1. Going by the conditions given, is residue 31 within 14 Å of the ligand (Cβ to nearest atom), buried (at least 21 other Cβ atoms within 10 Å of the Cβ), under 26 Å from residue 170 (Cα atoms) and not small (Gly, Ala, Ser)?
2. Does residue 157 satisfy being away from the ligand (no atom under 12 Å from the Cβ) and more than 20 Å from the chain's Cα centre (by Cα)?
3. Considering segment 115-141 alone, what residues qualify as being of a type in the set (Lys, Arg) and within 17 Å of the chain's Cα centre (by Cα)?
4. Within segment 10-28, work out how many residues are among the charged types (D, E, K, R) and within 16 Å of the ligand (Cβ to nearest atom).
5. Scanning for something open to solvent by 20 Å² or more (accessible area, probe 1.4 Å), small (Gly, Ala, Ser) and more than 17 Å from the chain's Cα centre (by Cα), does segment 54-64 turn up at least one residue?
6. Are there any pairs, at least 6 apart or on different chains, whose C-beta atoms fall under 6 Å, with the first in segment 56-75 and on the phi < 0 side of the Ramachandran plot and the second open to solvent by 40 Å² or more (accessible area, probe 1.4 Å) and more than 8 Å from the ligand (Cβ to nearest atom), and if so, which?
7. Take segment 194-206 and flag every residue that is more than 16 Å from the chain's Cα centre (by Cα), aliphatic (A, V, I, L, M) and surrounded by 14 or more Cβ atoms within 10 Å (Cβ to Cβ).
8. Yes or no: segment 173-188 includes at least one residue that is under 17 Å from residue 4 (Cβ atoms), open to solvent by 60 Å² or more (accessible area, probe 1.4 Å) and among the β-branched types (Val, Ile, Thr).
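The values are calculated or read from the model by the stated rules, or taken from the named source; none is laboratory data. The structure presented is a predicted model; accordingly, all values stated were derived computationally and were not measured. Here the Cβ positions follow ideal geometry from the backbone for every residue, glycine too, while neighbour counts run over all protein chains shown. The area values use the complete protein model at the heavy-atom level, side chains included, leaving out ligands, DNA and RNA. Shrake-Rupley method; radii C 1.70, N 1.55, O 1.52, S 1.80 Å.
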Amino acid sequence: MNIVLLGAPGSGKGTQGEYIVEKYGFIKLSTGDMLRQEISNKSEMGVELKQMVQSGLLVPDLAVMTLIENNMKLHSNSKGVIFDGFPRTVAQAILLEEYLSSLGKKIDAVIEFVVDEESLVKRLSNRFNCAGCGASYNKIYKPTKIDGVCDVCGGKEFVVRADDNADVIRKRFEEYMQQTALLLPFYDQKKILHKVVADLAIDQVAKNVNFIIDNVIGS
Ligand code: AMP
């Protein structure tokens with residue numbers, strides 16, 4: 001089972017992806033997380049792409065495809081893969097399709113998280129992650145259960161992403177509208193596009209996502 005999560009930055013795909021991993025035992029591949037890891041490891045790729053990532057520009061298609069292939073090889077036995085933040089261009093979607101097809105696989109469903117722009121800014125400017133395990137939170141929508149303590153690992157240190165600031169947020173929207181939104185008609189034509197309203201309570205969004213996945217598994 002291969003599922004792509006699509007949506008503007010801040011639409012909640014990362015959080016919902018974490019829930020899918022928990023419920024279905026799938027793995028989640030986030031190219032944004034992989035790139036941030038490369039940057040923090042100061043790898044050759046990380047050093048080369050740091051500036052682009054931190055200014056909200058899309059990095060070259062082949063770079064993210066390489067990261068995806070390497071990670072898929074590491075998890076070749078997984079029963080399902082959630083792609084979070086990838087593909088982001090039609091060229092990436094075609095590369096992914098070709099790669100999956102070489103493994104005898106395909107994309108089974110694409111879930112679009114639909115949310116209006118105002119709530120996106122509110123979500124992005126209030127989000128933070130645990131510095132230890134990376135669990136994601138939001139001061140308004142998903143605070144930690146105990147103030148200042150990570151629900152998952154108990155860590156007390158938190159970080160805010162370097163690209164969650166007003167100028168970069170605007171650039172990331174622009175990239176989404178110019179490039180990634182073109183994936184909607186691409187996948188719609190293939191009859192695998194599903195939409196969820198992402199402006200609802202997180203649990204309700206999760207229920208709607210599960211409904212879609214259960215239907216795809218059952219079909
Ligand atoms: P994200 O965590 O998905 O919001 O990604 C953070 C940043 O990483 C983006 O603003 C881009 O600079 C870069 N990035 C992540 N995924 C991709 C991708 N599939 N294609 C190109 N750039 C990406």
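1. Working: within 14 Å of the ligand (Cβ to nearest atom): yes; buried (at least 21 other Cβ atoms within 10 Å of the Cβ): yes; under 26 Å from residue 170 (Cα atoms): yes; not small (Gly, Ala, Ser): yes.
Yes; evaluated as a whole, the condition is true for this residue.
2. Working: away from the ligand (no atom under 12 Å from the Cβ): yes; more than 20 Å from the chain's Cα centre (by Cα): yes.
Yes.
3. The initial filter retains those residues of segment 115-141 that are of a type in the set (Lys, Arg), namely 122-123, 127, 139.
Within segment 115-141, 123, 127 meet the criteria.
4. To start, the set of residues in segment 10-28 that are among the charged types (D, E, K, R) comprises 13, 18, 22-23, 28.
Okay, now just the ones that are also within 16 Å of the ligand (Cβ to nearest atom), so 13, 18, 28.
Final tally of qualifying residues: 3.
5. Yes: one or more hits.
6. Sorted first by the residue in segment 56-75, then by its partner, the pairs are 61/91; 65/95.
7. Listed by number, the list holds a single entry, 200.
8. no
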